[in-house]
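These notes are about the structure you will find just below.
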Amino acid sequence: MTLNKKVVALSALLVAVLVGCGGFVYTTVGGTVKGLTSTGSYLVLVNGAGYTQSLSADGSFSFRVASNGAYSITVGQQPNPVNCTVTNGSGTMTSEAPVTNIAVNCVPNVPVAGSLTGLTTGQTLTLSLNNVAQTALTADGVFSFQTYVVNNKEYVAKVAIPPVGQVCKIQNATGTAVLSNPPSNIAVSCAAGIPVGGTLSGLKSGTYVILSNTLPDGTTDSRTLLADGVYTFNFSLSDGENYDVQVTTQPLGQKCTVANGKAKASILTPAPASSIAVTCVAA
């Protein structure tokens, strides 16, 4: 027998042994999905090995897996208008029989809506819902968030990216989403704001400095500057609101200082808020 024939024979024997031991025997793990029909988006299921299936309607599903082993099926991505949960999603097979009792049930989520006034023509306001979903608005009127909220769960609406030179405030920004009475009373109003910024000088080429301004709600508006010149923070302020500009990350080998970085914004004298000088020198 030649060497090649011996290799083939040994390979065939090995496969036969493995099959006899269950090493190459595969079966299916799956079940049914209910409540997904006509949602307009996809449900992604994931098995324990990381393989995925995208489903857009009710029906059956299955994953091909090695028999006589542990399995796990979870939701990798929720469809937008519904929330899906998995029952009997994990276990250990004791035979080569397929698993068919995994149930994925989807129930409707809650849409969240509101109204916008005061946005300057040509500007864009981006809102966030629960710090994740973002909805860009380009005109006054009624709006709906692109992502829904799970029934009976809380929601928080925030300004993610404000329009340039405007301040936008949100009323009724928080609440509990209830399917029987979807929230639609979020009121966003925009008005002229006082820009916060100034000039940067002395920054070495190839380095950067990070500035921050503490906003009235306690959050931070940060800017990463790569070169000398004029800078402006993303969020403008209303009359009487405080600004506090600081260096949060120094450039390598340098030290930057802020002049006149802390004061109260004034609509009558807005210039100081946009004349904050940041100077960098060798450390």
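Rule-based calculations on the coordinates, nothing more; no lab input. In this text the structure is predicted, and so the values were computed from the model without any measurement. Quick reminder, even Gly has a Cβ in these numbers, built from the backbone with ideal geometry, and neighbours come from all protein chains shown.
For the reader, a short list of remarks on this structure follows.
- Shape call, segment 24-108: gyration tensor on alpha carbons, a/c limit 1.5: prolate
- MRE, 222 nm, helices only [DSSP H, n ≥ 4, -39500 (n - 2.57), over the chain, to nearest 500]: -2500 deg cm²/dmol
- If you take the alpha carbon atoms of the chain and fit the smallest convex hull around them, that volume is 233 Å³ per residue.
- Taking amide H as placed 1.01 Å from N in the peptide plane, the amide H of ASP140 sits under 5 Å from that of LEU119, each at least 5 places away or on another chain.
- Pairs of C-alpha atoms in segment 197-282 farther apart than 14 Å represent 59 percent of all such pairs.
- Least to most buried among LYS158, LYS169 (fewest other Cβ within 10 Å first): LYS169, LYS158
- For the chain, the tally of Lys pairs with Cα-Cα distances below 28 Å comes to 10, considering only residues 8 or more apart or on different chains.
- With the simple model of a label 7 Å out from the Cα in the direction of the Cβ, THR121 to ASN80 spans 2.9 nm.
- Angle in degrees between helix 3-21 and the longest Cα principal axis of the chain, rounded to the nearest 10: 80
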